[in-house]
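Contents: one structure, followed by commentary.
The values are calculated or read from the model by the stated rules, or taken from the named source; none is laboratory data. Please read these numbers as outputs of a predicted model, since none were measured by experiment. Cβ coordinates were reconstructed from backbone atoms using ideal geometry, including for glycine residues, and neighbour counts include every protein chain displayed. Protein only, heavy atoms only, side chains kept; ligands, DNA and RNA dropped before computing areas. Shrake-Rupley method; radii C 1.70, N 1.55, O 1.52, S 1.80 Å.
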Amino acid sequence: MTISDFAANYIMHDSLIEKIEIYENESRIVLWIDFAFWMQNGYSEKDPETGIIKVTFYGVSDYQIPENVNWDEISILEMKQEERGVKFAFVNDITDDYLELHIHADHVSVAAEA
């Protein structure tokens, strides 16, 4: 899907980054996210509230990912489209520090993990 479609259709608030995989030689970045399904449009109470999704960015031309971060302490505040990609805004739940992650990519896919 396009970056625009991704930003318009997924609410990342209250989700958590589980891990980030960077594949420089493939121009690909994978985010494993403990996703807040309950925040999404069309959520049904019969569905699980949270679960792991795999978000893969393809054709990555640039990125800025904070280094030396304990992702166990980080919550996503928001995700929004930028000119050439997306920006994730984070807060450290322990220190209240604000962090950002930027990914410029051609397209993205999202898959729920079983």
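Things to note:
- Across the stretch 48-65, computed HN-Hα scalar couplings (Karplus, 6.51 cos²θ - 1.76 cosθ + 1.60, θ = phi - 60°) run x, 6, 9, x, 7, 10, 10, 10, 10, 9, 10, x, 5, 9, 6, 7, 9, 10 Hz from first to last residue, x flagging Gly and Pro.
- Ranking Val55, Phe88, Leu99 by Cα position along the charge dipole of the chain, where only Lys, Arg, Asp and Glu carry charges on their C-beta atoms, puts Val55 farthest toward the positive end.
- Answer label for percent of Cα pairs over 20 Å apart (calculated), chosen among [x] 38; [y] 50; [z] 42: [x]
- Accessible area of Asp72 (1.4 Å probe, protein heavy atoms only, ligands and nucleic acids ignored): about 140 Å².
- Whole-number percent relative contact order across the stretch 31-86, with pairs defined as alpha carbons under 8 Å at least 6 apart: 28
- DSSP finds beta bridges in the chain, and of those with both partners inside it, around 100 percent are antiparallel.
- Relative contact order [Cα under 8 Å, 6+ residues apart], the chain, whole percent: 30
- In the chain, the portion of solvent-accessible area held by carbon and sulfur atoms comes to 44 percent [1.4 Å probe, whole percent, DNA, RNA and ligands not counted].
- Given charges at beta-carbon only (K, R positive; D, E negative), |dipole| of the chain in Debye: 400
- The stretch 25-94 and the stretch 1-16 have Cα centres lying 8 Å from one another.
- Anchor Lys80: aspartates and glutamates whose Cα lies under 12 Å away (excluding residues fewer than 8 positions away in-chain): Asp5, Glu100
- Counting heavy atoms of the protein chains alone, Tyr23 has an accessible area of about 70 Å² for a 1.4 Å probe.
- Per residue, the chain exposes 58 Å² of solvent-accessible protein surface, assessed with a 1.4 angstrom probe and all protein chains in place.
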